[in-house]
């Protein structure tokens, strides 16, 4: 009985710790559009026969069920418009990406397709993005993400 109780306590505390890390409600539609809503502003979520309504401190947002692909809670925002243009560790200047820090660098296009991967082994690196076509991109290195327009 003690083992069962101990297992339950451990599982419950793990779920609560993971929930504390979640900061965004992300809604993705069939058309590829995404909306990220800060959880601190969400007051409630209601469902009707045809839509999901997210009630926030600034108003309501309605999402048609027929167009919704996925709804999830995440620690970081998935919507491109919420991402910063520059961070201390990732900067896009004069067609080149300048990184500070080591790790796996991933570049996604606006549709979420992985376009380029690089293993950054130096503390500072400069990466040319000449081979990528013009468009909007999301660049991720560790826990940092930026958007860039080329």
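Across region 18-39, the number of residues qualifying as more than 19 Å from residue 51 (Cα to Cα) and at pLDDT 75 or above comes to 5. Exactly one residue out of 122, 94 is over 21 Å from the mean Cα position of the chain (by Cα), modelled with pLDDT of 85 or more and not assigned by TED's automatic domain parsing to the domain that holds residue 39, and it is 122. Of the residues making up region 27-50, those that are within 28 Å of residue 113 (Cα to Cα), free of Cβ contacts under 8 Å to residues at least 60 places away in the same chain and more than 12 Å from the chain's Cα centre (by Cα) are 29, 30, 31, 33, 39. Checking 74, 99, 58 one by one, the residue that is modelled with pLDDT of 85 or more and surrounded by fewer than 16 Cβ atoms within 10 Å (Cβ to Cβ) is 58 and no other.
The values are calculated or read from the model by the stated rules, or taken from the named source; none is laboratory data. Predicted model, so just to flag it, every value in this text is computed and none were measured. FYI the Cβ positions are ideal-geometry reconstructions off the backbone, even for glycines, and counts take in every protein chain you see.
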